[in-house]
Amino acid sequence: MKRKLEQPQKVEEPMLAYNVSNYTPLVAMMGNQYANPSDFDLLQLARKGITKKALLALAKKISLTIEEIATVLHISERTLQRYTPTTLVKTEYADKAIELARLYERGIEVLGSERAFNSWIKSPNFALGGEIPFNLLDTRIGFTMVLDILGRIEHGVFS
């Protein structure tokens, strides 16, 4: 069976030199001024907080509903809906959102596409005892478990 090739994405000149996609989950949340954010950039962002608008951009980029993003962040959906687009989400929620964006970037890198990762993250996984990886993202331990499975997949270990 022939594999269908995806159309190449248009990449802006400065980013082309670094081989960085111009719209990753982190960029969706942080804005285009952070094409390749350092850990210090992410730390500053978490401390400052992120806007509701940025959080919703992240959710859209990684194909999550408001309900799903609220569950991962441990914030009520109603509270999230009440925020104005410019309201800064607290540090603990911003930190979790950044971890979610990093997980999605890692998953896309390992599995090769957003579509493949979105399918994988919402399907039962044998290595996780039949759990759906997305359902584990409500705790730091769950994040670690999902990242470990991605590492196993990357190295060819049955997962």
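Taken together, the values in this text are just the output of simple stated rules run on the coordinates, not laboratory data. Here the structure is a predicted model, which is why all the values come from computation and not from measurement.
Is segment 68-137 rounded, prolate or oblate when judged by the Cα gyration tensor, a ≥ b ≥ c being the square roots of its eigenvalues, rounded requiring a/c under 1.5 and prolate requiring a/b larger than b/c? Before the final figure, lay out the partial values.
Values: a/c = 2.54, a/b = 1.82, b/c = 1.40.
Taking the square roots of the gyration eigenvalues as a ≥ b ≥ c, segment 68-137 is prolate.
Determine the shape class of segment 33-159: with a ≥ b ≥ c the square roots of the Cα gyration tensor eigenvalues, call it rounded for a/c under 1.5, and otherwise prolate if a/b is greater than b/c, oblate otherwise.
Values: a/c = 2.04, a/b = 1.56, b/c = 1.31.
Verdict is prolate for segment 33-159.
Taking K122 as the anchor, which aspartates and glutamates have their alpha carbon closer than 18 Å to its alpha carbon, excluding any fewer than eight residues away along the same chain?
Candidates past the 8-residue exclusion: E67, E68, E99, E105, E109, E114, E131, D138, D148.
Compute the Cα gyration tensor for segment 115-155, then decide on rounded, prolate or oblate, letting a ≥ b ≥ c be the square roots of its eigenvalues: rounded whenever a/c is under 1.5, prolate when a/b is larger than b/c in the other cases, and oblate in all that remain. Walk me through the numbers before you get to the answer.
Values: a/c = 1.38, a/b = 1.10, b/c = 1.25.
Rounded, because the longest to shortest axis ratio a/c is under 1.5.
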